[in-house]
Amino acid sequence: MKKDKGEKKMNGSVVGRSLPHDSAALHVTGESVYIDDIAPLRNELLVGFLGSPFAHGRIKKLDLSAALKIDGVVALYTYKDLASNIFGPITQDEILLVEDESQFIGQPIVVIAAESAAAIKAARAAIVLDMEELEPILSVDQAIAAGQFIDKPYRISRGDVEKAFAEADHVIEGRLVMSGADHFYLESQACLVYPGEMDQLVVHSSTQNPSEVQHEVAHLLGLNLNQVVCIIKRMGGGFGGKECQATHVAVMAGLVALKTKRPARMVFDKDTDMKVTGKRHPFQNDYKVAFTADGEITALQANLYADGGAYNDLSTAVLGRALTHIDNAYYIENVSVEGKIARTNFPPNTAFRGFGGPQGVLTIENIIEEIANYLGKDALDLRMRNCYGITDRNTTHYGQLVANNTLPNLFSELYQSSGYKSRLAKIKRFNGESRTHLKGMAMTAVKFGISFTNNFLNQANALVNIYLDGTIQVSTGATEMGQGVNTNIKMLVADEFSIDADQVIVMTTSTEKNNNTSATAASAATDLNGAAAVNACRELKEKLSQVAARYFASREVGIGAFPNRIVFKDGFVFDDRRPDNRLSFAQLVVTAYRERVPLGARGHYATQGIGFDWSVGQGSPFLYFTNGCCVSEVLIDRFTGELKVERVDILMDIGRSINPMINRGQIIGAYIQGQGWLTTEDLRYSDKGALLSYSPTTYKIPNIYDIPPIFNVAVIENECTLNVRGTKAVGEPPLLLAIATWAAVKNALSYVSGDEIATLATPATGEEILSRLAYYGRDRSNGKSNGDGAQAAAIKSPVLPRALSRSTGRSLRGQAPRAAAAGAKR
């Protein structure tokens, strides 16, 4: 006899357990199916493209005739074959297929449909393309000089900045230059499109945003939205790189499928993916800060320049988050910040874990390190002095109350648990004694706002279907990229009915089942989709409670039907006054079915109480903040610049975890990814705008040896009453804690920078660090080395001018006449 799954034994709540990721076993056995694992169909075509050889060029001649004659080449398409050629998630400014002028190297010109990869390669070589190379814009400074910007300037201000500077004890101004980073997801951009009847398309896409793929495929191919279904089972990583840029591959494959009526597959190899997709936005931030002799920041003025690349993509929203996160954990009474997006001839930069937040937070953390260096104080003292308060000094520069503020507690608890004070004393002694190595340490914080800043995106829908054996299928708009959102939703649903999590399956995400969905982004996937699923469950639970009440009333004279007394617990259902008289969950489902009660429901959730008005730069764009602190200790080889992260201590407030181990994995993984961005991942380009570091051989993501040998991760007890089951988002915020490692490098340099404020760019590679050591080791009287052989060699390094041009630090000491004293400190 088949076992009744409703009788599977449980013990208490599902939420709060460390259950395995729902695909963990599949991943380690190689059974997980990704786009290119789907078996080819008969008559399937492969899709490639010919891209622009120039960052900025004009087509003079394009001849496809010879390529069309190649055996295995089925079709070649240009922009003329599209119904529309302009698109974009925020502003419609992006050209998919070059019409006249190319705007970045690799921008597609011709789409190639062929029966083999060899035929695509041959066709690419046979296409006659004559282009005139035009002058490209390859830096923020060049864009500023040429007046090339995307969108409009955005501003946020509070208080009287000019007065605060006029009355300041001290003022520092400087520039911080932050490089971009590649997403380096293991599965490159990939898509498989099946044509159907009446020009319908089924698009299997490796995307974080199936509704966006559906929309752009329909828009550029001249179809209605109901003719396109986008499906995504899982991604082999996304990190924001598949929020909008999966559309390019989908449209090109969709074009081939629509025109040829044959299945079409397009999968980038890693080199192509890195060359033609957008990155984390590089930023160039100019700042001026006023502060007291005790290190209290009284005013901040900053101009942020984001390198948007050739088109907007999501740059407007990325810049907005940078502007709203430049305060980070610190109250600043007088603020004036402005942001602009520079238009350059690189692939359009896009979403990346943190979404502008890291570039804003790094700016203020850098400033605090420089103030500490200037005043000769420990930077942690300044951070705690300027930290947002609980009852006062608790409103951001854009007007949002920092409610349920755990930041002071996080600082003080981590200070104690990490042994900060004793370790700092040891570092000072070490640096005073060692002539071969330097140590540095920093504690930084994160206050990361959770919600989409575009309010209409803060909604989700879910479909929950209960079957007669008591098992459940859940469909939402969330997409799984390894982060565990499906596991979280599965646990939330199981917990609503108090059944075992194994009885719940989260289905493949499809626009056919969940329409008009928001991207899995902004760390809000569980918040939004989980809440929508819970709402659907509660609608069903209400109906099932009525069925159960009637059932128990019918079997006991005089008991009456009281749905409010029905309890769902450990796979069973009963009246709380008659706990021995019970039904299994599966038995109740069958009873409801026989009473013709619906066993499927759609839930919807929309975040309440948030909003922002950019016309005045004020509002409350975030439902809550995820907070954390991190202490990082580093060791630097004075002779080579080699960096080792010796110890990391992280303490976070992530509310009540749905799945503690999945959250722990997110914290560790995010930190490591942030460490890569800030220390090893160096995007190098030619003077023509071609990416040179486009493979693992030249682009160094963190490996096992980069993980700190001492790595402590802990969370505090706290409940976020505003969010589903008291949890807080954890996908993006921990990445910003890696700023502590970069700040620790800057701190180490301050021990050798003499009378100058130590400066540092990102990433803090061995070359960058060595160039700084060489610069600070020079003889101040004649600019030559002070005799250290290693530094004498290093100061001649060709990376030095590049490094120094990427980050400058200047200070203005005292009050009038405010003569500039370059990099001076007290």
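Brief remarks on what is shown
- Here the label points at Asn409 and Met661, each 7 Å from Cα along the C-beta direction, are separated by 2.7 nm in the simple model.
- Local net charge near Asn465, Cβ-Cβ under 11 Å (Lys/Arg +1, Asp/Glu -1): +2
- The fraction of accessible area contributed by carbon and sulfur in the chain is 51 percent, rounded to a whole number (1.4 Å probe; ligands and nucleic acids excluded).
- Put a dot 7 Å past the Cα of Ile668, heading toward its Cβ, do the same for Glu135, and the two dots end up 5.3 nm apart.
- Additional length obtainable on full extension of the chain from Asp269 to Lys421, 0.36 nm per residue less Cα span: 49.8 nm
- Where Rh is the Kirkwood radius over Cα pairs, Rg/Rh for region 186-257: 0.95
- From the C-alpha gyration tensor of region 70-144, square roots of 5λ in Å: 28, 17, 10
- In a fully extended conformation the segment linking Ile704 and Phe456 would gain 85.2 nm over its present Cα-Cα distance, using 0.36 nm per residue.
- Convex hull volume per residue for the chain, taking Cα atoms only, in Å³: 178 Å³
- Reported value for region 159-220: 199 Å³ per residue, from the convex hull of its C-alpha atoms.
- Local net charge near Ala310, Cβ-Cβ under 13 Å (Lys/Arg +1, Asp/Glu -1): -3
- 3J(HN,Hα) from dihedral phi, region 732-749, Karplus parametrisation 6.51/-1.76/1.60, rounded to Hz, x for glycine, proline: 9, x, x, 4, 6, 6, 5, 4, 4, 5, 4, 5, 5, 5, 4, 4, 4, 5
- The alpha-carbon positions of region 194-312 define a convex hull whose volume is 165 Å³ per residue.
- Long-range Cα-Cα pairs in region 456-593 (distance over 20 Å), rounded percent: 47 percent
- Around the Cα centre of the chain, unit charges on the Cβ atoms of Lys, Arg, Asp and Glu (plus for the first two, minus for the last two) sum to a dipole of about 1140 debye.
- Spacing of the two label points (7 Å from each Cα toward its C-beta) at Glu719 and Val597, in nm: 2.8 nm
- R0 of 60 Å, Cβ-Cβ distance Phe430-Ile144: FRET efficiency to nearest 0.05: 0.90
- For region 436-537, fraction of C-alpha pairs farther apart than 16 Å, in %: 59 percent
- For peptides 502-512, 766-776, 524-534, sequence by mean Cβ density within 10 Å, most packed first: 524-534, 766-776, 502-512
- Label-zone membership for region 409-444, site Ile390, 7 angstrom Cα→C-beta point, backbone N under 17 Å: 409-416
- Sites Ile38 and Leu225, calculated FRET efficiency, Cβ-Cβ separation with R0 25 Å, nearest 0.05: 0.55
- Per residue, in Å², the accessible surface of the chain once ligands and nucleic acids are set aside, probe 1.4 Å: 38 Å²
- Solvent accessible area, Å² - Met652, 1.4 Å probe, full protein context: 0 Å²
- With 0.36 nm allotted per residue and the present C-alpha distance subtracted, the Glu101-Thr640 stretch has 189.6 nm of extension available.
The values are calculated or read from the model by the stated rules, or taken from the named source; none is laboratory data. Quick caveat: nothing in here was measured; it's all calculated off a predicted structure. FYI the Cβ positions are ideal-geometry reconstructions off the backbone, even for glycines, and counts take in every protein chain you see. Remember, those area values only see protein heavy atoms, side chains included, never the ligands or the DNA or RNA. Shrake-Rupley method; radii C 1.70, N 1.55, O 1.52, S 1.80 Å.
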